[in-house]
Amino acid sequence: DLLIRTLRQGSSGGSSSKISYEGFTLKANKREIRVPTQLFINGVFLDAEKQRTLDIINPTNEQLLCKVACASVADADKAVQAAHKAFYGSWKQVSARQRGLLMLRLADLMEQHKEELATIESVDSGAVYTLALKTHIGMSIDAWRYFAGWCDKIQGNTIPVNPARPNNVLTFTRKEPIGVCGLITPWNYPLMMLSWKMAACIAAGNTCLIKPAQTCPLTALKFAELSVLAGFPPGVINVLPGKGSEAGQAVADHGLVNKLGFTGSTPVGQHIMKSCAASNLKKCSLELGGKSPLVIFADCDLDKAVRHGMSSVFFNKGENCIAAGRLFVEDRIHDEFVRRVLKDLRTMTIGDPLNRSTAHGPQNHKAHFDKLIEFCETGVAEGAKLVYGGCRVPNMKGYFFMPTVFTDVADDMFIAKEESFGPIMIISKFNGSDVDSVMLRANRTDYGLASGVFTKDISKALNFADRIDAGTVFVNVYNKTDVAAPFGGFKQSGFGKDLGQEALNEYMKTKCVTIEY
Ligand code: TAP
């Protein structure tokens, strides 16, 4: 059949010329990259209703990069109808193993285009290129490969139930795809958030539409082009750049969407859950905000604690959902810890994210940048001690925010409780002989996404892991995520897992079949 023929042709068929779209040529990183700027619905690129567009701004220079189609409610409906038709049509003809092959082929194409994708991500979102290559794009490719492997290993159970003698009974379960899934993602890791969700969703046999964050939808559109080259049937994957309040809301409200996978802020997550309930009681999973505690005991390897403590906050310019929102440092090492952090910060290279020596790029967009300024002003007004940064990088165009450190932060301060989502380290002291009290303080947050502890004492570390109320615990490391390990929060950080085998369950339903014989 056509799909198998496409698969056999290999990925180097030079078919890119067959995909027509309106786009722009990004000249950056010594490359010229064609990037689509239209909606991607039912396998083709097309304009939004009434030709509406979004302005895409380059955060490094605050200049207009391009205009991208902005989906309306009617466009969202068009995408849902396409996904619905594909789910009951062409996608049903594709066997689980063929699905895995398509996903592997897509991953290969992403790998072949990884420098292009990383360049686009860097220019669009301000991600440092070297990090974009390794994490934003690298982990996206890993996710597609990991979930491709699951496609033909999704199995039910046979279950011994009580028969009505003399008859026998066979009861078994089937894991079935849910149908059309809506995916809504934030701006901090645009392609990676898409991949974490979509790879699990597609592996489970669903069709989908994604509404990427309006500030940086470009890698999602380049990805859509690659999905055509990989041979995905039309309608299986649809990409709808647009506004959350309009296109996103339309997806959450749509009666033909059976599942919503959301990553974003807690307030929007709460709102979306209500829409899911009110529309058609669609299943939803929510990966929301965090204010993750990192506890550093005096008996740690201090070099390592400083290195990981820095990256727990400043990784991806703090636009990292599991970023350590609060550091509790044991009083005996507090001053030395702060001294070493400041020493490292003074040598941190801030600048063009495409430059290979840059460690810290611009924040994603202006509204976020402005909120960070406000966050720091609040901290100062509350009486926390601002020991570094807290302002725009002097004399630089672009949304460059100084890596920032606050000490003497009291538990009831705004900056101790609220997520900044930026490069702002919030440090408080604790007394090492009173572990109960630091555990209480670490857990006294509405969030429960991640956490970390640094200590050489294995009992202390395991006690921390037992007692902390968070979905992820790092011991003597931070930010160590992997596509095979489940990821997701507790409390107001949401529910449902991305990644790992557990993520598949978010995109499947269990049917129980009972036969008397
Ligand atoms: P949000 O403002 O919540 O936006 C997330 C997505 O939801 C965007 O695509 C947004 O569209 C869309 N949206 C907004 N209103 C909507 C509505 N009424 N209906 C449907 N969709 C709607 O978050 P953000 O500012 O982009 O991202 C930052 C937040 O995400 C932080 O709190 C961070 O902690 C969290 N985050 C969590 C994780 C995990 S794994 N837990 C990972 C990354 C980020 P627009 O493009 O129009 O805004």
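Residues being outside any helix (DSSP H, G or I) and either within 17 Å of the chain's Cα centre (by Cα) or of a type in the set (Ser, Thr, Tyr) (or both): count how many of those fall in segment 139-173.
Selection size over segment 139-173: 3.
Would you mind telling me which numbered condition in (1) surrounded by fewer than 19 Cβ atoms within 10 Å (Cβ to Cβ); (2) more than 25 Å from residue 205 (Cα to Cα); (3) in contact with an Asp or Glu (Cβ under 7 Å, 6 or more places away or on another chain) residue 97 fails?
(2)
Filter segment 386-429 for residues that are touching a residue at least 60 places away in the same chain (Cβ under 8 Å) and more than 28 Å from the chain's Cα centre (by Cα); which is nearest to residue 450 (Cα to Cα)?
Looking only at segment 386-429, we keep the residues that are touching a residue at least 60 places away in the same chain (Cβ under 8 Å), and these are 397-399, 401, 403, 405, 407, 409, 416-429.
Then drop every residue that is not more than 28 Å from the chain's Cα centre (by Cα), which leaves 407, 409, 428-429.
On the way: 407: 21, 409: 20, 428: 18, 429: 20 Å.
Only one residue tops the list, namely 428.
Limited to segment 318-357, what total is found for residues that are under 23 Å from residue 131 (Cα atoms) and among the charged types (D, E, K, R)?
Number satisfying all stated conditions: 6.
Just checking, how many residues over segment 254-270 are within 10 Å of the ligand (Cβ to nearest atom), surrounded by 19 or more Cβ atoms within 10 Å (Cβ to Cβ) and over 11 Å from residue 211 (Cβ atoms)?
Within segment 254-270, residues that are within 10 Å of the ligand (Cβ to nearest atom), surrounded by 19 or more Cβ atoms within 10 Å (Cβ to Cβ) and over 11 Å from residue 211 (Cβ atoms) number 4.
Would you please list the contacts, defined by Cβ atoms under 9 Å and residues six or more apart or on different chains, that run from a residue in segment 484-495 that is without any contact (Cβ under 8 Å) to a residue 24 or more places away in the chain to a residue that is surrounded by 18 or more Cβ atoms within 10 Å (Cβ to Cβ) and in a strand (DSSP E or B)?
That search, which allows pairs on different chains as well, returns 485/472; 486/472; 486/498.
Can you pull out every residue in segment 477-492 that is assigned to a loop (DSSP other than H, G, I, E, B) and either touching a helix residue (DSSP H, G or I) at 6+ places or on another chain (Cβ under 9 Å) or away from the ligand (no atom under 13 Å from the Cβ) (or both)?
477, 478, 479, 480, 481, 482, 483, 484, 485, 486, 488, 492
Looking at (1) farther than 30 Å from residue 255 by Cβ; (2) crowded, with 22+ Cβ neighbours inside 10 Å, which is the one condition that is false for residue 79?
Residue 79 satisfies all of (1) farther than 30 Å from residue 255 by Cβ; (2) crowded, with 22+ Cβ neighbours inside 10 Å except (1).
Kindly indicate whether any position in segment 362-381 is closer than 24 Å to residue 129 by Cα, away from the ligand (no atom under 16 Å from the Cβ) and part of a helix (DSSP H, G or I).
Scanning segment 362-381 turns up no residue that is closer than 24 Å to residue 129 by Cα, away from the ligand (no atom under 16 Å from the Cβ) and part of a helix (DSSP H, G or I).
Criterion first (in a loop (DSSP other than H, G, I, E, B), within 25 Å of residue 463 (Cβ to Cβ) and small (Gly, Ala, Ser)) does residue 433 satisfy it? Write out each step before concluding.
Values: in a loop (DSSP other than H, G, I, E, B): yes; within 25 Å of residue 463 (Cβ to Cβ): yes; small (Gly, Ala, Ser): yes.
Yes.
Inside segment 271-294, can you point out the residues that are more than 10 Å from the ligand (Cβ to nearest atom) and assigned to a loop (DSSP other than H, G, I, E, B)?
281, 282, listed by residue number.
What's the total number of residues in segment 296-313 that are in contact with a Phe, Trp or Tyr (Cβ under 8 Å, 6 or more places away or on another chain), surrounded by fewer than 17 Cβ atoms within 10 Å (Cβ to Cβ) and not in a loop (DSSP other than H, G, I, E, B)? Talk me through it step by step, then tell me what you get.
Narrowing segment 296-313 to residues in contact with a Phe, Trp or Tyr (Cβ under 8 Å, 6 or more places away or on another chain): 296-297, 300-302, 304-306, 308-309, 311-312.
Pick out the ones that are also surrounded by fewer than 17 Cβ atoms within 10 Å (Cβ to Cβ) and you get 301-302, 304, 311.
Subset that is not in a loop (DSSP other than H, G, I, E, B): 302, 304, 311.
Residues flagged as in contact with a Phe, Trp or Tyr (Cβ under 8 Å, 6 or more places away or on another chain), surrounded by fewer than 17 Cβ atoms within 10 Å (Cβ to Cβ) and not in a loop (DSSP other than H, G, I, E, B) within segment 296-313 amount to 3.
Determine whether segment 62-78 contains at least one residue that is out of contact with any Gly (no Cβ under 8 Å at 6 or more places or on another chain), assigned to a helix (DSSP H, G or I) and among the β-branched types (Val, Ile, Thr).
Yes, segment 62-78 contains a residue that is out of contact with any Gly (no Cβ under 8 Å at 6 or more places or on another chain), assigned to a helix (DSSP H, G or I) and among the β-branched types (Val, Ile, Thr).
Give me the pairs: first residue in segment 187-205 and farther than 11 Å from residue 147 by Cβ and within 13 Å of the ligand (Cβ to nearest atom), second residue at pLDDT below 95 and not hydroxyl-bearing (Ser, Thr, Tyr), beta-carbon distance under 6 Å, and six or more apart or on different chains, which are they?
Taking only residues 6 or more apart or on different chains, not a single pair turns up.
Test of understanding: among 246, 176, which residue is assigned to a helix (DSSP H, G or I), more than 19 Å from the chain's Cα centre (by Cα) and either within 16 Å of the ligand (Cβ to nearest atom) or in contact (Cβ under 8 Å) with a residue 12 or more places away in the chain (or both)?
Values: 176 fails: assigned to a helix (DSSP H, G or I).
That would be 246, the only listed residue that is assigned to a helix (DSSP H, G or I), more than 19 Å from the chain's Cα centre (by Cα) and either within 16 Å of the ligand (Cβ to nearest atom) or in contact (Cβ under 8 Å) with a residue 12 or more places away in the chain (or both).
Cβ-Cβ distance below 8 Å, separation of 6 or more or different chains: which pairs start in segment 261-272 with a residue that is more than 16 Å from residue 187 (Cα to Cα) and end on one that is among the aromatic types (Phe, Trp, Tyr) and more than 6 Å from the ligand (Cβ to nearest atom)?
Pairs that qualify, where the first residue is more than 16 Å from residue 187 (Cα to Cα) and the partner is among the aromatic types (Phe, Trp, Tyr) and more than 6 Å from the ligand (Cβ to nearest atom), are 272/262.
The values are calculated or read from the model by the stated rules, or taken from the named source; none is laboratory data. The structure presented is a predicted model; accordingly, all values stated were derived computationally and were not measured. Glycine gets a Cβ as well: all are built from the backbone with ideal geometry, and neighbour counts include every protein chain shown.
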